[in-house]
């Protein structure tokens, strides 16, 4: 996957209406008319959002010239999720080692405190 | 207990990345882990990288230098100077990689905040230029995606559940 496509994907996901459209499509394919209904938006406005989502690889449009149903493309959403996981994981792996280290330091501390109390 | 969701990332300005992570330990210990070479050797390093040398002169103007070994025996050297050393509270230092691809030193500030035995470390990484930060992040978060992280994560996870196999 090219980084340009990933850029387009994140830009597309940065808009609340487009995220809502994706959430709707996650439960099944829909036509522009069906998508326009809950958003109180004109069909041309929805079509504009759909073009952005399509360019970003997040949805595809059916061949049927009349209806052209929209379908979510899970592969590109997964690519975006992988990128985020990867960035977080870059640091998280090190922090998990620190969790283990701090736990052993705390145990050492407790033992020392314990012996002070006794004395 | 430490936050099980792990590290959070945000981008409050176009030159910064902010990481936040909770640790189940008093801040005195967490600060030690960030500043004592014998402790740093045991945890510090990004994915696939481990410290093989660690020098720390923990005072204002004091230098630090880390050498890491990574995949296929690759070596990485990072170094800098301490600017603020407030034990258990705050640590600020510059950082530069020997072969970094972006200009200028980076300024890193850690704030250690303790509540009920849990220490949250908030690390602000400020790049010398916006280009520097974008090189590190690539473009996605520079476009404000950082702010909508949580909603995006929610969308992605709800989608994961309904995803057709």
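Overview of values
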read-out: Tally, over segment A:4-16, of residues that are assigned to a helix (DSSP H, G or I) and facing chain B (nearest Cβ under 7 Å); value: 5
read-out: Where residue A:62 falls short, out of the listed (1) free of Cβ contacts under 8 Å to residues at least 12 places away in the same chain; (2) out of contact with any helix residue (DSSP H, G or I) (no Cβ under 8 Å at 6 or more places or on another chain); value: (1)
read-out: Search result, residues across segment A:17-35 that are facing another protein chain (nearest Cβ under 8 Å) and under 17 Å from residue A:48 (Cβ atoms); value: A:19, A:22
read-out: Residues of segment B:103-129 satisfying the condition of being surrounded by 16 or more Cβ atoms within 10 Å (Cβ to Cβ) and farther than 19 Å from residue B:20 by Cα; value: B:105, B:128
read-out: One residue from A:22, A:50, A:35 being touching a helix residue (DSSP H, G or I) at 6+ places or on another chain (Cβ under 6 Å), modelled with pLDDT of 90 or more and in a helix (DSSP H, G or I); value: A:35
read-out: Of all residues in segment B:78-99 being over 16 Å from the mean Cα position of the chain (by Cα) and at pLDDT below 90, the one that is nearest to residue A:110 (Cα to Cα); value: B:98
read-out: Lone qualifier among A:102, A:108, A:77 - being at pLDDT 80 or above, within 12 Å of another protein chain (Cβ to nearest Cβ) and surrounded by fewer than 13 Cβ atoms within 10 Å (Cβ to Cβ); value: A:108
read-out: Some residue of segment A:66-84 being more than 13 Å from the chain's Cα centre (by Cα) and assigned to a helix (DSSP H, G or I); value: no
read-out: Scope segment A:53-65; condition assigned to a loop (DSSP other than H, G, I, E, B) and surrounded by 15 or more Cβ atoms within 10 Å (Cβ to Cβ); matching residues; value: A:56, A:57, A:58
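Condition check ((1) in contact with a strand residue (DSSP E or B) (Cβ under 8 Å, 6 or more places away or on another chain); (2) closer than 30 Å to residue B:131 by Cβ; (3) facing another protein chain (nearest Cβ under 10 Å)) across all residues:
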residue	(1), (2), (3)
B:17	yes, yes, yes
B:27	yes, no, no
B:34	yes, yes, yes
B:44	yes, yes, yes
B:71	no, yes, no
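The values are calculated or read from the model by the stated rules, or taken from the named source; none is laboratory data. Because the structure is predicted, anything quoted here is derived from the model rather than measured. All Cβ positions, even for glycine, are placed from backbone atoms using ideal geometry, and neighbour counts span all protein chains on display.
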